[in-house]
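Shown next, in structure tokens, is the structure this report addresses.
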Amino acid sequence: APRARVRRARRLAAAPPPSGRPVSRRAAAAESSGEGSAEAAESIAKDAGDDPDSGSPEMFDNLANIFLKRDQEDWIGLLASSERWPTLRHGFFARLKARAAEEEDPEEMLRLSRLLRLMQGTSERVATYQDLLAEVQDTGEEMWEGMVTSRRAEFTTEFFQFLRFKLEALVRDQASTSATRSAASREADAEAVEARKEERSTEKTDSATSDMKTARDEEARSDADADAARDDLARTASRLLSICEAFDEATRDTETLETAAENFQELLQVETLEEMNQKIDQLAGEGKLDPALVLTAAKAYMSVKESPMVEEEVKDVMAHLYFKMKETMGRQQPKEVRILKHLLAVGDDPRDIRNGLEEAFTPGPELTTEDEDFLFCEAPALLKTIDAVLTAYEQQQGKASITGQAAELMQPEVIEKMKQIKGQIEGNFL
């Protein structure tokens, strides 16, 4: 009898379920909370003109007024949302410095000097966050746990606010581009109608139609690229937040960390990879394979992988240890959770979802192969798991903590697909 086949990816066993479709623009826009920042960021772009290197004193004064009217907490969002800021900042700071030096009013001089000092600090932090994001994106996802474990202090709450502002800017840009294209498309369609009314030559009409089709194909490719960039950033932010939460939870208990270090040292004492695998399975069976131990292995793997002084054989052993732990820990998850992740990875066609549910609810022996696990569960149990996830998501929305931001940045299509799966279970299997 068919059952839900849960394919295991050895190196990404702990990764969140893959996205089956782009983020809904309407849903993503509803999550955006940066309308005020959007207006100011647009002002920055407009004031810059076509040539960002030709900034005038008046333009820089206008930018200064924008920042003076905004709360300091908003500055990160303004800079993160502006593509032109890196080319404007040096001229902007020079203008502020000159104004402060020339100002005769002591209070105004102090106000301009304070703005200069605080803006320089904010700009430096934004540049640091941009560099950190680029480094994360250039690093394989399997290395993110080790990266966070080694450099947790760099992944601050403000860094995740920076990512949220970047995501909101992408959503706004897409909405603006879509509106512009819609207007242009209506104009082109109107011209085509007029051309037919005037009975222009078939050759000219066909040429215009071909040009329109080419332009729309290019727009579709551009939209797909923009969707991919936005989805990648949303998934990156959500994954990093999850790793930070796991690290913070694991490091709250000093005794847990000491136990993890002792267990890790025991693993390093084995003679062969086979003995290492057996030891990992033993730790899992005793309930000792926990996030603290996996994060300890991630940190160790990260340190040796980046070092040119470590032999390749040692790097291979540390890689095997880390990924074997992640794979084994993934199997420790309740089967309902694993089946849910499998269902989230299938296509968006309701028939595919229903077929996956039928397989998941078909009883049979639960088998494990090299690449797949054959699992089944009861419909009420899977529904209970989905309800728990949705409830946790709704309760965390809007909180200021990292957990709350993780919920806010979670890809909307994942939640929407869970609701689709829930509807199918309630309508067809209960």
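The values are calculated or read from the model by the stated rules, or taken from the named source; none is laboratory data. What you see is a predicted model, and the numbers here were worked out from it, not measured in a lab. Cβ sites come from the backbone with ideal geometry, for glycine too, and all protein chains shown count toward neighbours. What goes into the accessible areas is simple: the full protein's heavy atoms, side chains included, and nothing from ligands, DNA or RNA. Shrake-Rupley method; radii C 1.70, N 1.55, O 1.52, S 1.80 Å.
Some values worked out for this structure:
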quantity: FRET efficiency, Thr251 to Asp225 (Cβ-Cβ, R0 35 Å, nearest 0.05); calculated: 0.35
quantity: Accessible area of region 51-171 belonging to carbon and sulfur atoms, whole % at 1.4 Å probe; calculated: 46
quantity: Simple spin-label estimate for Thr180 and Gln420 in nanometres, 7 Å along Cα-Cβ; calculated: 3.2
quantity: Förster-model FRET efficiency, 30 Å R0, Val270 and Glu141, C-beta, rounded to 0.05; calculated: 0.60
quantity: Segments 102-114, 298-310 sorted - mean Cβ within 10 Å per residue, highest first; calculated: 298-310, 102-114
quantity: Using θ = phi - 60° and Karplus 6.51 cos²θ - 1.76 cosθ + 1.60, couplings along region 123-133 (whole Hz; Gly, Pro as x); calculated: 5, 5, 5, 4, 4, 5, 5, 5, 5, 5, 4
quantity: Stretchable slack from Val389 to Glu306, in nm (0.36 nm times residue separation minus alpha-carbon distance); calculated: 26.2 nm
quantity: Separation in nanometres of the label points that stand 7 Å from Cα toward Cβ, at Glu313 and Glu262; calculated: 3.1
quantity: Å² per residue, accessible surface of region 222-277 at 1.4 Å; calculated: 53
quantity: Of Lys213/Lys419; Lys288/Lys315; Lys299/Lys417; Lys315/Lys341; Lys279/Lys299, those spanning more than 28 Å from alpha-carbon to alpha-carbon; calculated: Lys213/Lys419; Lys299/Lys417; Lys315/Lys341
quantity: Sulfur and carbon atoms: percent of accessible area, region 297-350 [1.4 Å]; calculated: 57
